[in-house]
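> Okay, here's the structure, questions in a sec.
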Amino acid sequence: MTDDKFLLFKRHPCSKNLSDELITEIANHCEVIHCAPGEAPQQVNQAFHSVYLMVHGRMRQTLFDFQGRVLANRFQVAGEQFGALAAAIGEPAPMELVAEEPSTMLRIDYRTCLELNQKYADFQHNFANMLAKTVLKLAMKGREHQVPRNVVVLHQSRDTRIFTQRLLERLRELEEQPHVITDDEQWNTLEGIPDFQISTDADGITDVKAIQQKLIGWSDADRLLIDLNNNTLAVSMTSIFEFADKILWCVTVENWEQSVANFRKILETVPGWASKINIVWVLPGDCRIAPLAPELNEPARRNFKLSFETPPAKQSQGLNHGFERVVHQLRGVRIGLALGGGAARGMAHLGILKVLEENGIVIDMIAGTSVGAMTGVLYCSGMEPDDNVERFIEDLRPPWIFRILPNGGYWYLLWKYRRGHFDSMLRKYLKQSRLEQLTIPVQSVTVDLISGQPIIRSEGDAVHAITESINLPVLSRPINRNGQALVDGGIVNNVPADTLVKNGCNFVIAASVTANINQEFASNQATTPTHQMKRASAISTILRTYVVQNVNMNSVGVAPADFVIQPDISEFGITEFTRADEMAEIGKSTTRELIPKLKELLRSIDAPLFK
C-alpha cells in the first residue's frame with residue numbers, strides 16, 4: 001500500500017516504544033524490498049550480508065543438506081526477521097528464500113544493524129526480543145503460533161456484519177485495544193474502540209491515501225480490523241490482501257455461492273493468499289451440518305462454523321462455541337482433544353466432553369481412535385453428549401438371545417461386526433455428511449494393512465471414518481477401500497495426541513480410557529492356583545488381547561499431550577455399552593476434579609482468554 005519507509009518500519013515490532021525521530025533515522029538506513037510470488041531474494045549457498053524485516057506477506061525458507069535434499073521448510077511472516085543469525089556466521093548458507101505471496105520487507109545492512117543496536121538501547125532490546133522469538137519458534141516446532149495483527153473481515157451481505165461487532169467486543173473483553181476501518185454505512189460505534197469509516201464504490205476503496213494516513217496514526221494498535229463488503233475490492237484488492245495477516249471471509253448458507261467468483265479471482269491473482277484465508281460460516285442455530293462448498297472450503301487454510309442463535313434441545317454447544325474458535329485463532333491458541341480407543345469404555349468420553357463444554361473449555365480440533373473416533377465424530381456433528389449416551393444404550397442393547405448366552409456381549413459384538421450393522425446404525429444420525437462439513441474439525445485414525453501405515457482421515461464420508469477406525473481385526477474383516485485394507489487404528493495409535501500436534505494444536509488434552517486394567521481374566525486372578533484356573537474362550541482371548549495392547553500403548557499415545565484425563569473404568573467390560581450412562585458419569589466426575597488444574601494451565605498460555 002505504500003513505499004514510505006517510516007510507515008513500514010513503524011508497523012514492525014522492532015519500532016516498539018521508539019520515538020518518531022529514531023524511527024526515521026533507522027528507516028533511512030533501510031531499503032524497501034517488494035517480492036512477487038516466486039521471487040527469491042536469497043539463493044542457495046549465498047552469504048547473508050543483510051537483515052530482512054518482514055512487514056507483510058509470507059516467505060518460504062527452505063533448508064537443504066549437502067546433497068541438495070530438503071531438510072526443512074518454515075515460513076517467515078509479518079513481524080518476523082530473517083538473516084540475522086546467518087549473517088553473524090558470515091558464510092554461505094544452504095537455504096533459499098522464496099515469496100509465497102506478494103511480500104514487503106525492509107532490508108538493512110547487517111553491520112549497520114549492529115551499530116544501531118549498540119547506539120540505541122531500546123532498538124537493541126526490540127531486536128534481541130525478536131531474535132529470541134525466532135529461536136523459540138524453532139524450538140516449539142510449530143506449537144508457537146503467529147498472532148495476526150492486521151485482520152481483514154469480508155462480508156457477502158449484511159447478514160454477517162454482526163460478526164465484526166461481536167469480535168471487537170470480545171477482543172476488548174480480552175484487554176486488547178482493537179481499531180477498525182469499515183465501509184459499513186450502518187456501523188455502530190463501540191465505546192472505547194476507535195473506528196474510521198470509509199467510502200467505496202464499484203472500483204473499490206475511493207480514498208486509499210486516507211487509509212494510509214490512518215495507519216500511521218494507528219501503528220501502535222494491538223489489533224487492526226478492516227471490515228469490508230467483498231464486492232468492493234476489484235481495484236484495491238491487491239493492496240488490502242497484501243497488508244492482511246489473516247482474512248476472515250464470512251458467508252451464510254444462502255449467499256456462499258455468490259462469493260465463489262470473487263474467491264476464484266483472488267486466488268487466480270495470487271494462489272498463495274489461500275494460506276491466510278479462513279472461511280467463516282455464520283449459520284442458523286438449528287444447523288448441524290454445514291454446506292460442503294468445496295469451491296470455498298478446499299482452497300482456504302481453514303474454515304469455522306458458528307452461530308449466534310440458541311441451539312435446539314439435544315444439540316451440543318459446538319456451533320455456538322465456533323465464534324470462540326475464531327478468537328482462539330486470533331490469539332494464537334489451538335486446543336486439541338485426543339480421544340483414545342477402548343471399545344465400550346469409550347462411553348466415558350461422552351462425560352468428559354460434557355464437562356469440558358459446561359466449563360467453557362472450547363476445543364478447536366478433535367482426533368479419535370476407534371471408539372474415540374466414534375464419540376468424537378458424533379459430538380463434532382452437533383449431537384449432545386448426554387443424548388449420545390441414551391442413543392448408545394438404545395442402539396447397542398443386545399437382543400434377549402445374546403443376554404442369556406455365556407459371553408453373550410462378546411458374541412453380540414461379533415454379530416454386529418459381521419452383519420455390517422454399525423454403518424446403518426450411524427447413518428441414522430450422520431446421514432451422508434462428510435467430516436469437513438461438521439461443526440468442529442475432527443480426524444479419525446485407522447490402519448492400512450497393505451502399507452502397514454496409520455491413515456488419518458480429516459475429510460470424506462463421516463460414517464466411513466468411524467467404521468474404519470472401529471474395525472477390530474478378527475472380529476471383522478478388513479474394509480477394502482481405494483487400494484487400502486483398513487482396520488482399527490488402536491493397533492498403532494490408540495490415543496492420537498501426536499496427530500493434533502502435527503496439525504498445529506499448541507495445547508493438547510488426551511482422554512484415555514485404557515490407563516488401568518482389571519486384574520482378572522476368564523475369572524482367573526494372579527492368586528488363582530494353576531489347577532483351578534479356567535480356560536478362556538477364543539473370542540474373549542481376542543478381546544482381552546486388544547485391551548492389553550491398548551493399556552501398554554497408552555503411555556506412548558499420551559506422551560505428546562499437555563494434560564491427561566484418565567477415568568478409571570477398568571471394572572467395566574469392553575462390550576458393556578448398555579452401561580454407557582455409568583461410564584459417562586465416571587468420565588464427568590473425573591473431569592470435574594481436574595477442571596481447576598486444567599484452567600490453571602490454560603491461563604498460563606493466555607490469562608485474559610481463560611480467566
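> I'd like the full set of residues that are open to solvent by less than 50 Å² (accessible area, probe 1.4 Å) and either of a type in the set (Phe, Trp, Tyr) or over 18 Å from residue 510 (Cα atoms) (or both), limited to segment 579-600.
Scanning segment 579-600 gives a single hit, 580.
> Only one residue in 171, 215, 167, 190 is at pLDDT below 75 and either part of a helix (DSSP H, G or I) or more than 25 Å from residue 75 (Cβ to Cβ) (or both). Which one?
Residue meeting the stated conditions: 215.
> List, please: which pairs have Cβ atoms under 6 Å, are six or more places apart or on different chains, and start with a residue in segment 438-461 that is touching a residue at least 40 places away in the same chain (Cβ under 8 Å) and end with one that is among the charged types (D, E, K, R)?
Between residues of segment 438-461 that are touching a residue at least 40 places away in the same chain (Cβ under 8 Å) and residues that are among the charged types (D, E, K, R), the close pairs are 439/305; 444/457; 446/468.
> Please verify whether segment 263-273 includes one or more residues that are open to solvent by less than 10 Å² (accessible area, probe 1.4 Å), assigned to a helix (DSSP H, G or I), within 29 Å of residue 427 (Cβ to Cβ) and not basic (Lys, Arg).
No, every residue in segment 263-273 fails to be open to solvent by less than 10 Å² (accessible area, probe 1.4 Å), assigned to a helix (DSSP H, G or I), within 29 Å of residue 427 (Cβ to Cβ) and not basic (Lys, Arg).
> Any residue at all in segment 120-139 that's among the aliphatic types (A, V, I, L, M), closer than 30 Å to residue 230 by Cα, in contact with a strand residue (DSSP E or B) (Cβ under 9 Å, 6 or more places away or on another chain) and not in a loop (DSSP other than H, G, I, E, B)? Before you say what the answer is, go through the steps one by one.
Of segment 120-139, the ones among the aliphatic types (A, V, I, L, M) are 121, 128, 130-132, 135-136, 138-139.
Narrowing further to those that are closer than 30 Å to residue 230 by Cα: none.
No, segment 120-139 contains no residue that is among the aliphatic types (A, V, I, L, M), closer than 30 Å to residue 230 by Cα, in contact with a strand residue (DSSP E or B) (Cβ under 9 Å, 6 or more places away or on another chain) and not in a loop (DSSP other than H, G, I, E, B).
> Going through segment 456-480 one residue at a time, which ones are touching a strand residue (DSSP E or B) at 6+ places or on another chain (Cβ under 8 Å), aliphatic (A, V, I, L, M) and modelled with pLDDT of 95 or more?
Once the filter is applied, which keeps residues that are touching a strand residue (DSSP E or B) at 6+ places or on another chain (Cβ under 8 Å), aliphatic (A, V, I, L, M) and modelled with pLDDT of 95 or more, segment 456-480 yields 456, 462, 465, 466.
> Output the residues belonging to segment 2-22 that are farther than 14 Å from residue 106 by Cα and either in contact (Cβ under 8 Å) with a residue 40 or more places away in the chain or in contact with a Phe, Trp or Tyr (Cβ under 6 Å, 6 or more places away or on another chain) (or both). Reasoning before the result, please.
Residues of segment 2-22 that are farther than 14 Å from residue 106 by Cα, as a first pass: 16-22.
Matches in segment 2-22: 16, 17, 18, 22.
> On to the next question. Where residues in segment 116-130 are open to solvent by 20 Å² or more (accessible area, probe 1.4 Å) and among the polar types (S, T, N, Q), which of them is modelled with the lowest pLDDT?
Taking the candidates together, the pick is 129.
> Now for a different question. Quick check: anything in segment 39-55 of a type in the set (A, V, I, L, M, F, W, C) and in a helix (DSSP H, G or I)?
Among the residues of segment 39-55, not one is of a type in the set (A, V, I, L, M, F, W, C) and in a helix (DSSP H, G or I), which makes the answer no.
> Another one. Only one of (1) more than 16 Å from residue 579 (Cβ to Cβ); (2) open to solvent by less than 10 Å² (accessible area, probe 1.4 Å) fails for residue 379. Which number is that?
The one condition residue 379 does not meet is (2).
> Condition (residue is more than 28 Å from residue 499 (Cα to Cα), open to solvent by less than 50 Å² (accessible area, probe 1.4 Å), modelled with pLDDT under 95 and aromatic (Phe, Trp, Tyr)) applied to segment 404-419: is it met by at least one residue?
Initially, segment 404-419 is screened for residues more than 28 Å from residue 499 (Cα to Cα), giving 404-416, 418-419.
From what is left, the residues that are open to solvent by less than 50 Å² (accessible area, probe 1.4 Å) are 408-409, 412-414, 416.
If we keep only those that are modelled with pLDDT under 95 too, we end up with 408-409, 412-414, 416.
Going one step further and asking which of them are aromatic (Phe, Trp, Tyr), we end up with 412.
Yes, segment 404-419 contains a residue that is more than 28 Å from residue 499 (Cα to Cα), open to solvent by less than 50 Å² (accessible area, probe 1.4 Å), modelled with pLDDT under 95 and aromatic (Phe, Trp, Tyr).
> Across segment 23-73, what is the total count of residues that are at positive phi, touching a residue at least 60 places away in the same chain (Cβ under 8 Å) and surrounded by fewer than 20 Cβ atoms within 10 Å (Cβ to Cβ)?
Matching residues across segment 23-73 total 1.
> For residue 87, are the conditions met, namely being at pLDDT below 90, assigned to a helix (DSSP H, G or I) and open to solvent by less than 30 Å² (accessible area, probe 1.4 Å)?
So residue 87 passes the test.
> Find all pairs meeting these conditions: Cβ atoms under 6 angstrom apart; at least six residues apart or on different chains; first residue within segment 153-179 and closer than 23 Å to residue 219 by Cβ and open to solvent by less than 30 Å² (accessible area, probe 1.4 Å); second residue in a helix (DSSP H, G or I) and not aliphatic (A, V, I, L, M).
Close Cβ pairs satisfying both conditions: 153/164.
> Something else about it: Looking at segment 237-255, which of its residues are within 21 Å of the chain's Cα centre (by Cα) and open to solvent by less than 10 Å² (accessible area, probe 1.4 Å)? Outline the logic, then answer.
Taking segment 237-255 as the starting set, the residues that turn out to be within 21 Å of the chain's Cα centre (by Cα) are 244-251.
Across segment 237-255, the qualifying residues are 244, 247, 248, 249, 250, 251.
The values are calculated or read from the model by the stated rules, or taken from the named source; none is laboratory data. This structure is a prediction, so every number in the text was calculated from the model and none was measured. Using ideal geometry, Cβ is built from the backbone for each residue, glycine included, and neighbour counts are taken over all protein chains shown. All accessible areas refer to the heavy atoms of the entire protein, side chains included, with ligands and DNA or RNA removed. Shrake-Rupley method; radii C 1.70, N 1.55, O 1.52, S 1.80 Å.
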